[in-house]
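First the structure, in the form of structure tokens, and then the observations on it.
Just so it is clear, none of the values below were taken in a lab; they were calculated from the coordinates. Because the structure is a prediction, the values reported are computed rather than measured. Backbone-built Cβ (ideal geometry, glycine too); neighbour counts: all protein chains shown.
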Amino acid sequence: MQPKGDKELTFSFAKAERLCSRLEIEQLLQQKQSVFSYPFKCYYRFLSTTEDHPLSQMAVSVPKKIEKTAVGRNRIKRWTREAYRLNNKQKIAPALNQESLIIQLLFVCIGKENLSYQRIENSVCQIFALIETQINKHKTIN
């Protein structure tokens, strides 16, 4: 979370940026807004900003059907959070800040082959580009 007046770019992933509430995740899935970039399907929703929340919150889901071992699932989740942490503040945070929006994201892994960090990072960057176009569409609607 970055203070609004702070110009310094930080690459943190604070506890407040984690989407943990089962109720919020269910609401996110009910809205059915999603973008796809292999190996992830990303569900998202926009909320109006409040002073308590960061600009974005995210969660990662890797089904046992996709990756059998807990070690493999945890590795994919860790790599996804790392790609999010390194690219979020540069890609979508400025657009969200201009529009006074909060975004909640749920990354669901659907790729069945062995994944590399580079593949995951490219997918997260493509998802951020798609979401940025959605932010611009949201701006023109409101």
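Tabulated data
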quantity	calculated
Neighbourhood charge, 12 Å Cβ-Cβ cut-off, centred on Q31 and excluding it, Lys, Arg +1 and Asp, Glu -1	0
Order of L28, L105, L130, L23 under a 10 Å beta carbon neighbour criterion, fewest first	L23, L130, L28, L105
Degrees between helix 22-31 axis and first principal axis of the chain (Cα, 0 to 90, nearest 10)	80
Choice from T69, T49, T80 with maximal GNM fluctuation in the chain (Cα, 10 Å cutoff)	T69
Exposure proxy ranking, count of Cβ atoms within 10 Å, fewest first, for Y44, Y117	Y117, Y44
Ascending count of other beta-carbon atoms within 10 Å, so fewest first, for I135, I110, I92	I110, I135, I92
Helix axis angle, 70-91 relative to the chain longest principal axis, alpha carbon, degrees	30
C-alpha long axis of helix 117-141 to longest principal axis of the chain, angle in °	30
Cut-off 12 Å between beta-carbons: net charge of the residues surrounding K77, Lys and Arg +1, Asp and Glu -1	+3
With eigenvalues of the C-alpha gyration tensor scaled by 5 and rooted, the stretch 56-116, Å	27, 11, 8
Compactness relative to 2.2 N^0.38 Å, alpha carbon Rg of the stretch 15-141	1.02
